[in-house]
């Protein structure tokens, strides 16, 4: 989960991966602040978390080169170095092609009933990756090497699309896709082809950050950087967004430009409202921090009627759905509370997860440290009682041996005394063994402190979730109003 968010952060905030990429102090401070504000406390102090950050960076720059990454004293240092071997020149290319050709039974042709679709199963992908790990490490992009090997093995063209999925690889032979030159919708590509590719591209949670990223790129480019006005937005927003979708599809899995042009239109149609809901969330986050440009941009939707070159137009409104209309001032307080509450809930949930994991590590055989310690003490007390009972028996036997003059009886009593002494010795050994199993007080204190912190955070989370629910309906009303306004245009009257 945290890897996914870190990767989304990099995709949303960094320049496109390149060999000339420069990592600045400002970018370092920005990501450190982001992690401190959104991830559990002390996240940056654990080595496993630093490895997660490193992996996110490595995967982000993987397309252009391999990454040198260091982290020390809240400072990330990175350098992108070029691959010095192209996939087509790899010594492992022919062996990988051989593995593909030798494992025809692990390849699904005519995948999902489509003649131009192939699935390389996870079993075959594992065989290939295992082989590459066993060979001498080359300075080559292994993912691209596997893709190139697949391209060679199936005699694919550059326009054909190879998509890395979770464990397996999906191939779309685009040069055999049905096209209708007379049909302009979706660039003349058969809708059945697009629907099937859409299902495969976004199935099983793959590319789940695709639409939030499209929304982020749009708002960053056209609201933050270019600061377009409302008239430019109305005229060009839809083609801008479709172009971003096309570019991002090609970034994930390069392929046929014409196919992606048609597919981007199909994707935008299917996920039209979803994209604008993400945009609305980003806009409201800007309203929450009183962004002056965004405030002015939204005021347009409160004008009702405008006149352009003598012609009157009715402007889309921020309709609340109950006869009332939202405006920037009425949205401000709700968006502030909602944004802050959402961030707080997110942070608290992560902190609670961290605390629960830390507490779980302190458990012994399914028992909390306090219950475990209590159980040990009870056993020790039970043994002490048993020792005392045996010692009383021993005293009685000593008294009896003093009083009796019968030698046989004395012999029997001495035997009993020896048995009792052995039993007492065993009990004392058991007690000493239990003493060694007692937990140090520091561990008990740590458990109690963490439990206290967990209880406090859980109570705070309930309060924040209650506040969230109080504002959620209103926030959704505002969000829907923005979506409806942003997807409408002024009408001449």
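The values are calculated or read from the model by the stated rules, or taken from the named source; none is laboratory data. Predicted, not measured: the structure shown is a model, and the values here were computed from it. With ideal geometry, Cβ positions are generated from the backbone for all residues, glycine too; neighbour counts draw on all protein chains shown.
Of the numbered criteria (1) assigned by TED's automatic domain parsing to the domain that holds residue 302; (2) loosely packed, with under 12 Cβ neighbours inside 10 Å, the one residue 484 fails is (2). Screening 133, 127, 112 for residues that are outside the structural domain of residue 67 (by TED's automatic domain parsing) and either assigned to a loop (DSSP other than H, G, I, E, B) or out of contact with any helix residue (DSSP H, G or I) (no Cβ under 7 Å at 6 or more places or on another chain) (or both) leaves exactly one candidate, 133.
Condition test on residue 394, is it assigned by TED's automatic domain parsing to the domain that holds residue 377, without any contact (Cβ under 8 Å) to a residue 24 or more places away in the chain and more than 21 Å from residue 335 (Cβ to Cβ)?
On the way: assigned by TED's automatic domain parsing to the domain that holds residue 377: yes; without any contact (Cβ under 8 Å) to a residue 24 or more places away in the chain: no; more than 21 Å from residue 335 (Cβ to Cβ): yes.
The answer is no for residue 394.
Being surrounded by fewer than 16 Cβ atoms within 10 Å (Cβ to Cβ) and within 30 Å of residue 235 (Cα to Cα) is a condition met by no residue of the range 424-445. Scanning the range 183-228 for residues that are out of contact with any helix residue (DSSP H, G or I) (no Cβ under 7 Å at 6 or more places or on another chain), over 25 Å from residue 168 (Cα atoms), in contact (Cβ under 8 Å) with a residue 12 or more places away in the chain and not in a helix (DSSP H, G or I) gives a single hit, 190.
So, residue 13, is that one surrounded by fewer than 16 Cβ atoms within 10 Å (Cβ to Cβ), over 28 Å from residue 358 (Cβ atoms), modelled with pLDDT under 95 and under 17 Å from the mean Cα position of the chain (by Cα) or not? Show your work before the answer.
Numbers: surrounded by fewer than 16 Cβ atoms within 10 Å (Cβ to Cβ): yes; over 28 Å from residue 358 (Cβ atoms): yes; modelled with pLDDT under 95: yes; under 17 Å from the mean Cα position of the chain (by Cα): yes.
When the stated conditions are applied, residue 13 passes them.
Restricting attention to the range 234-263, and to residues there that are farther than 30 Å from residue 143 by Cβ and touching a residue at least 40 places away in the same chain (Cβ under 8 Å), which single residue is surrounded by the most Cβ atoms within 10 Å (Cβ to Cβ)? Only one residue tops the list, namely 237. Does the range 136-159 hold any residues that are assigned to a loop (DSSP other than H, G, I, E, B), without any contact (Cβ under 8 Å) to a residue 24 or more places away in the chain and surrounded by 12 or more Cβ atoms within 10 Å (Cβ to Cβ), and which are they? The answer is 156, 157.
Being surrounded by fewer than 16 Cβ atoms within 10 Å (Cβ to Cβ) and either at pLDDT 95 or above or not in a helix (DSSP H, G or I) (or both) holds for only one residue in 378, 410, and it is 378. Do the conditions hold for residue 68, that is, is it in a strand (DSSP E or B) and either surrounded by fewer than 16 Cβ atoms within 10 Å (Cβ to Cβ) or touching a strand residue (DSSP E or B) at 6+ places or on another chain (Cβ under 9 Å) (or both)? For residue 68, the condition - in a strand (DSSP E or B) and either surrounded by fewer than 16 Cβ atoms within 10 Å (Cβ to Cβ) or touching a strand residue (DSSP E or B) at 6+ places or on another chain (Cβ under 9 Å) (or both) - is met. Note on the range 334-355: residues that are more than 11 Å from residue 458 (Cα to Cα), touching a residue at least 60 places away in the same chain (Cβ under 8 Å) and surrounded by fewer than 17 Cβ atoms within 10 Å (Cβ to Cβ) amount to 2. Remark: pairs (first residue in the range 79-90, closer than 10 Å to residue 64 by Cβ; second residue part of a loop (DSSP other than H, G, I, E, B); Cβ separation under 6 Å; 6+ apart in sequence or on different chains) = 80/19; 80/21; 82/19; 83/139; 83/140; 83/141. In contact with a helix residue (DSSP H, G or I) (Cβ under 6 Å, 6 or more places away or on another chain) and modelled with pLDDT of 95 or more: is that true of residue 107 in this structure? Taking the combined requirement at face value, the residue does not satisfy it. Of 446, 454, all but one fail to be within 28 Å of the chain's Cα centre (by Cα) and assigned to a helix (DSSP H, G or I); the exception is 454.
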